[in-house]
Amino acid sequence: MSAPVTTGFDFAAYLAGARQRIEDALDAALLPERPESLREAMRYSLLAGGKRLRPVLCLASCELAGGDPDLAVPTAVALEMIHTMSLIHDDLPAMDNDDLRRGRPTSHKVFGEANAILAGDALLTRAFEMVALRSPGVPADRLLQVVGELSLAAGAPGLVGGQVVDLASEGQAVDLDTLEYIHIHKTGALLRASVLSGAMIGGADDTLLEALRVYAHGIGLAFQIIDDILDVTASSEVLGKTAGKDLTADKTTYPKLLGLDESRRRAEGLISGAAAALDPWRDRAGPLLALAAYITARDR
Ligand code: GRG
């Protein structure tokens, strides 16, 4: 993973440390698990790598809010579980029908469709268990806020709603507003939940939460614009998923509507806006600012 350079803050070291913390916690979160075949399918997708952007955002925003990031680790794990579930389900034959994810054959290719659906279901429900039952040291009112935020992100107001509109739009002429609706829900909602849940655990006040909503909106949309660009410009080997899929599936994307250069400019504008929202907290916002810059600089 290439890391952007920000003065006075060693982002590469920060990212490596946070990712290691997440990998260890993900590994521990699925042990023990019965039946064995279910554990295998859950671990296969959850421990397959990935950038771990959502859990890292959660830890970073907890820190910005003045909290102890260790207390946010179970929620960070929950976010990665919800994300992984959405990838498993997204790849199913009834949805995007994909063979490759995180550099490996997709879950349904290895375990069969029924087991892939069930592994996703088990990850989604385990995510809520992580927050409600496995978050020692976090006050119950903060955990309740987090459960609410995760429910909104995963359900009809978030991932599911975005996915429904995305599937219905395949092969249709889609305008910019609809495209933005799809991405804000399908991709942006979980990134927003990642940022807000960490801050909630850290005890953020309403002013900071509002600024983080603006930050999260900017990085969420920019993340998906870059995703659309990489689908055209990067290889399947680098991405670890099938490149060029949007074109094959006849999907409307930012590059299709705006061209590559304008899409990139738009992503950069959104990232600048996201960074500006955190200006009053700039002394402590190094990780979140670097993560925002990383979103446009990433190559996979
Ligand atoms: C069943 C509650 C429920 C929801 C599922 C399938 C679905 C509804 C929604 C699809 C959501 C989806 C797959 C959005 C795409 C988001 C996206 C850009 C994924 C790629 O994220 P990265 O690049 O992947 O962070 P890694 O592998 O690095 O983690």
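The values are calculated or read from the model by the stated rules, or taken from the named source; none is laboratory data. Source: prediction; values computed, not measured. Positions of Cβ are generated from backbone atoms using ideal geometry, with glycine treated the same way; all protein chains shown enter the neighbour counts. SASA here: full protein model, heavy atoms, side chains in, ligands and nucleic acids out. Shrake-Rupley method; radii C 1.70, N 1.55, O 1.52, S 1.80 Å.
Obtain the nm distance between the two label points defined at Val160 and Thr248 by a simple spin-label model: each point lies 7 Å from its Cα along the Cα-to-C-beta direction.
Placing both labels 7 Å beyond Cα along the Cβ direction yields 2.9 nm.
Which length gain, in nm to one decimal place, applies between Ala140 and Glu113 when the Cα-Cα distance is subtracted from 0.36 nm times their residue separation?
So the chain would gain 6.0 nm between Ala140 and Glu113.
State, as an integer percentage, the relative contact order of the chain based on alpha-carbon contacts under 8 Å between residues 6 or more apart.
Worked out over the chain, it gives 23 percent.
For the stretch 184-285, report the translational diffusion coefficient in µm²/s to the nearest whole number, using Stokes-Einstein at 10 °C, 1.306 mPa s, and a Kirkwood Rh over Cα pairs.
After rounding, the answer is 107 µm²/s.
To make sure I understand the rule: partners must be aspartates and glutamates, Cα under 16 Å from the Cα of Lys109, and not fewer than 8 residues away in the same chain. Which ones qualify?
Glu40, Asp90, Asp91, Asp96, Asp98, Asp99
At a 1.4 Å probe, what is the % contribution of carbon and sulfur to the accessible area of the stretch 11-292?
Accessible surface attributable to carbon and sulfur in the stretch 11-292 totals 55 percent.
Determine the gain in length on full extension of the stretch Asp70-Leu31; use 0.36 nm per residue of separation and subtract their C-alpha separation, reporting nm with one decimal.
Contour length minus the Cα-Cα distance gives 12.1 nm.
Per-residue accessible area for Phe128 at 1.4 Å probe radius, Å² rounded to 10?
Its heavy atoms expose roughly 60 Å² to the probe.
Between Gln172 and Glu40, what is the label-to-label distance in nm when each label sits 7 Å out along the Cα-to-Cβ direction?
4.1 nm
Could you tell me how far the Cα centroid of the stretch 156-194 sits from the Cα centroid of the stretch 269-300, in Å?
Each part reduced to its Cα centre gives a spacing of 23 Å.
Among residues other than Asp90 whose Cβ falls under 12 Å from its Cβ, what is the net charge (Lys/Arg +1, Asp/Glu -1)?
Taking every other residue near Asp90 into account, the sum is 0.
Once the other residues with Cβ under 15 Å from the Cβ of Thr125 are scored (Lys, Arg +1; Asp, Glu -1), what is the net sum?
0
Hey, could you get me the Stokes-Einstein D for the chain, Kirkwood radius over alpha-carbon pairs, 37 °C and 0.692 mPa s, rounded to whole µm² s⁻¹?
For the chosen part, D equals 170 µm²/s.
In the stretch 196-225, whose amide N lies under 20 Å from the spot 7 Å out along Cα-to-Cβ of Glu180? List them in ranges.
In the stretch 196-225, the label zone of Glu180 (backbone N under 20 Å from the point 7 Å along Cα→Cβ) covers 211-225.
Measuring from label point to label point, each 7 Å out along Cα→Cβ, what is the Asp24 to Thr207 span in nm?
Result: 3.6 nm between the two label points.
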